[in-house]
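The values are calculated or read from the model by the stated rules, or taken from the named source; none is laboratory data. Quick caveat, the model's predicted, so the values are computed rather than measured. Methodologically, a virtual Cβ is constructed for each residue, glycine included, from the backbone with ideal geometry; neighbour enumeration extends over all protein chains shown. SASA here: full protein model, heavy atoms, side chains in, ligands and nucleic acids out. Shrake-Rupley method; radii C 1.70, N 1.55, O 1.52, S 1.80 Å.
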Amino acid sequence: MLDVNKKIGDLLLERELIQESDLRKALHLQSKAGGRLGALLVRSGAISEDALLPVLSEQLDMERLTGDALPSHADVFDFVNQSSIQPDWFIDHKVAVWSLAETAVGCLVPDPMNGYVREVLARFYGEGRVQYFLANQQVIESYADYVRREHAVDDLFQGGEGARALAELAEEAPIIEFVNNMMSQALDAGASDIHVEPGDANFAVRFRVDGVLHTRLQQPQDRFAAIASRIKLIAGLDIAERRLPQDGSLTTRVSGREMDIRVSTVPDVLGESIVMRLMPKQRDEVSLFNLGMEADHLALMQRWVGEAHGIVLVTGPTGSGKSTTLYSALDASNDGRKKIITVEDPVEFKLQDITQIQAHAEIGYTFARALKAILRQDPDVIMIGEIRDLETAEIAIQSALTGHLVLSTLHTNDAISAFTRLVDMGVEPFLVAAPMLGVQAQRLVRSLCNHCAEPDTLGEQMQREIMAIPGYSGEAFAARRAVGCPRCQGTGYKGRSGIYELIPVSPELHDMIVHSRPVHEMQQLAIRQGNRTLRQDGLLKVAKGITSLEEVYRVTGTEAEAA
């Protein structure tokens, strides 16, 4: 139990929800500008509202309302409409009231200890009849918005279409708090991306957690222009431009952590789709040992990155962890005696003792142009963020043929398709084959939650299939299935692990590439030579209880169905 006589800052420190430096900054700001300490901590990014409210609930002995416990917007509007207090007062002070059992009145307000609001409500509804509750600020805001629209009052979120009006909307305190709290909630949920998507009546905020999108909340579409303008403003984008895609970035502090955030906006028929990629500055140690590779794959990758020259390609769709694999490969290659240079767009993670270059295609500083400059820097290892065109591919191959180790990525569905992709770009087949050490395809599967996963039994046919997979260790099966608990937000999964397909370029495969043999023939050769497919590697992780059979089928669906 909390000591209700303690201040909220001390209580948050005791629970290790904030740092002392955060509290000192908030107290200093409070002494200068006033305001509630909790709200200042949320606004500064020291803590998320979801983490603050449970502590406030216990300290103030006020119930926190969420989900079905919240009153409907229509109930709030009907009660306000029948009140002798003018609707403008409820809108201006963001007060939501509704009828409780008997004669009591429920109330949500941004600051439930506001003496003026309490005095007004007590005067009109009677002393002791009003029961105050806690809720997230965006929930409280939504009630005020609903009442505002229903009464057709002057709407803050529709005050003008020009850049100046949009900028003013973006600086409104509720909008700032909404965006800050949205980012804090995403980080607390372990999200990698925030999707803000407009609709007909509402816009949705969705979080991508462990590779799967979850709808977090919905807000009235009237608010979208203000929210979008705020995100654009902090990301350095043009607020007034809504017809063309834009890309931007920002560095900020969210829930006590330093974050780099990439922002992408794309116009659609209902407004703009906004995606924010969250990239913590402080990450877990970048290492090949942390990627979840099986022992044989790990040894093969270590051999590749230890070579003096050649090309290693990592393939997979967007969001499959290719960049993390490349960073880990660079770490394995970095023995302190090599000059390592990367060219990326963007630089996602800063590595020690490695020269990292940011490409800027908008000013003509492309991958190809940067590579030409890199070769004059006497590098031993070169990492190219992505091979996107013929010029970049040719320079990468030339670099590998002249004594450099080149690491890069391609967007293909499997490892073998990397060879045909380069040929399709215009590279001669013999040049594709000559410097190639190997290719890797990868996907990310969700790891089972260790707190709720239950043992599972695999069918006899599946057991025989797993035992026949190259690299199967002979260990007893420890398969588990997803259940769901509060720690994994009911999904049954927490975190992700990689599944991989590594294909070394053998002399036989080299000849097939040179002679432009079909992809399926090269795939059959790779299988005959004992290389695992993505699905097979996933099944080994099922046998170990790392992930579930359903998850492997979800990620490798096409291949699983074909099998």
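Okay, here's what the table says:
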read-out	value
DSSP bridge pairs, the chain: antiparallel proportion in percent, nearest 5	65 percent
Cα shape, the chain, gyration tensor, a/c 1.5 rule	prolate
Dipole magnitude (debye, nearest 20) for segment 263-405, charges at Cβ of Lys, Arg, Asp, Glu	320 debye
Cα gyration tensor shape for segment 276-424, rounded if a/c is under 1.5, else prolate or oblate	rounded
Solvent-accessible area, 1.4 Å probe, carbon plus sulfur percent, for the chain	48 percent
Note, ³J(HN,Hα) from phi for segment 272-277, Karplus 6.51, -1.76, 1.60, rounded to Hz, x at Gly and Pro	9, 8, 10, 10, 10, 8
Listed residues H28, L270, V117: farthest to the positive end of the dipole of the chain (Cβ charges)	H28
Potential extension, L270-A204 segment - 0.36 nm per residue separation minus Cα distance	22.5 nm
Rounded if a/c under 1.5, otherwise prolate or oblate - segment 465-515, Cα gyration tensor axes	oblate
Surrounding net charge for G495, when Lys and Arg each add one and Asp and Glu each subtract one, Cβ distance under 10 Å	+2
Within the chain, helix-based [θ] at 222 nm, where runs of 4 or more DSSP H residues each add -39,500 (n - 2.57), nearest 500	-11500 deg cm²/dmol
Rg/Rh (Cα only; Kirkwood hydrodynamic radius) as it applies to segment 335-484	1.12
Leading residue at positive end of dipole, segment 414-563 (Cβ point charges), from S516, A441, G495	G495
Under the Karplus curve 6.51 cos²θ - 1.76 cosθ + 1.60, θ = phi - 60°, whole-Hz ³J(HN,Hα) for segment 193-199, x wherever Gly or Pro sits	9, 10, 10, 10, 10, x, x
Debye intensity ratio in log₁₀ form over the Cα atoms of segment 432-563, taken at each q of 0.10, 0.11, 0.13, 0.22 Å⁻¹	-0.39, -0.46, -0.61, -1.27
Hz values of 3J(HN,Hα) by residue in segment 348-361 - Karplus curve (6.51, -1.76, 1.60), Gly and Pro given as x	8, 8, 7, 10, 6, 6, 10, 7, 10, 10, 9, 6, 9, 4
Loop-resident sites, segment 191-288, for trypsin sites (Lys or Arg not before Pro), counting at most 14 other Cβ within 10 Å (DSSP)	R243, K281, R283
Cross-link reach list, aspartates and glutamates versus K544, counting only Cα pairs under 15 Å and skipping chain neighbours closer than eight places	E294, E454, D456, E465, E475
For V314, distant residues with modelled amide H under 5 Å away	S408, T409, L410, Q440
Net charge dipole size for segment 416-563 [Lys, Arg +1 and Asp, Glu -1 on Cβ; Debye, nearest 20]	620 debye
In segment 215-285, GluC sites (Glu not before Pro) in a DSSP loop with at most 11 other beta-carbon atoms within 10 Å	E285
Cysteines in the chain that, by Cβ-Cβ distance, have no pairing candidate under 4.7 Å	C107
Interchain or long-range residues, amide H under 5 Å from S447's placed H	K494, G495, R496, S497
Candidate lysines - alpha carbon under 26 Å from K25, same-chain residues fewer than 8 apart omitted	K6, K7, K281
Mean Cα-pair separation over length for the chain, i.e. relative contact order, pairs under 8 Å, 6 or more apart, %	9 percent
Amide H within-cut-off set for R532, under 5 Å, with H built and near neighbours excluded	L502
Dipole in debye (nearest 20) - segment 1-145, about Cα centre, beta carbon charges: Lys, Arg +1; Asp, Glu -1	540 debye
Top positive-direction residue, dipole computed over the chain with Cβ charges, set A240, S57, A135	S57
Those lysines that a straight Cα-Cα span of less than 17 Å connects to K541, excepting residues fewer than 8 apart in one chain	K494
In Å², nearest 10: area of E394 left accessible to a 1.4 Å probe	90 Å²
